Amino acid sequence: MKVQVKTGSGYVVAEGNDLPELWAELASLQEAFGEAKCGKCGKDAIRYVAREDAEGNKYYELHCQSKGCYAKLRMSQRKKTGNLYPRRKAGSNDKSGREEGAWLPDNGWMKYDKETGKES
């Protein structure tokens, strides 16, 4: 079985052998690709970014390309499945200064503030 669904700013295609498998695949794709616009400025000028640091750690993010905004939405990765999902809560060493597990503002979209040295 195969289905194409509009999500975010485009379409995703999911495949599965039965409806539950298809549903799970579609849910995973929508979670990763469901953002249509920036949570800070509301513009649809977002792009997908994958980068790797010197130690080999991989990072997946959405970046707002709107002039003056440049907010980021970081993705987390599930250990068991490897699926990506938007990070909406503060982590243990979060740059926002929020307590671990606290909800982040703007649905997880963050901008670095040079004056405070934190993200908000």
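The values are calculated or read from the model by the stated rules, or taken from the named source; none is laboratory data. A quick note: this is a predicted structure, and the numbers were derived from the prediction, not measured. Backbone-built Cβ (ideal geometry, glycine too); neighbour counts: all protein chains shown.
Look through the stretch 1-23, keep the residues that are in contact with a strand residue (DSSP E or B) (Cβ under 9 Å, 6 or more places away or on another chain) and hydrophobic (A, V, I, L, M, F, W, C), and return whichever of them is farthest from M110 (Cα to Cα). Taking the candidates together, the pick is M1. Restricting to the stretch 1-58, give me the number of residues that are in contact with a Gly (Cβ under 7 Å, 6 or more places away or on another chain) and either at pLDDT 95 or above or not hydroxyl-bearing (S, T, Y) (or both). Total meeting the criteria: 9.
Taking the stretch 96-112 only, how many residues are touching a residue at least 60 places away in the same chain (Cβ under 8 Å) and either outside the structural domain of S66 (by TED's automatic domain parsing) or among the basic types (K, R) (or both)? Total satisfying the criteria: 1. Can you find a residue that is assigned by TED's automatic domain parsing to the domain that holds W109, loosely packed, with under 13 Cβ neighbours inside 10 Å and among the basic types (K, R) anywhere in the stretch 49-66? Yes, the conditions are met somewhere in the stretch 49-66.
Scanning the stretch 71-101 for residues that are over 24 Å from E25 (Cα atoms) and at pLDDT 95 or above gives A71, K72. In the stretch 82-115, of all residues being polar (S, T, N, Q) and exposed (fewer than 10 other Cβ atoms within 10 Å of the Cβ), the one that is farthest from E21 (Cα to Cα) corresponds to N93. Restricted to the stretch 29-48, and to residues there that are out of contact with any Leu (no Cβ under 7 Å at 6 or more places or on another chain) and under 17 Å from N83 (Cα atoms), the residue that is surrounded by the most Cβ atoms within 10 Å (Cβ to Cβ) is L29.
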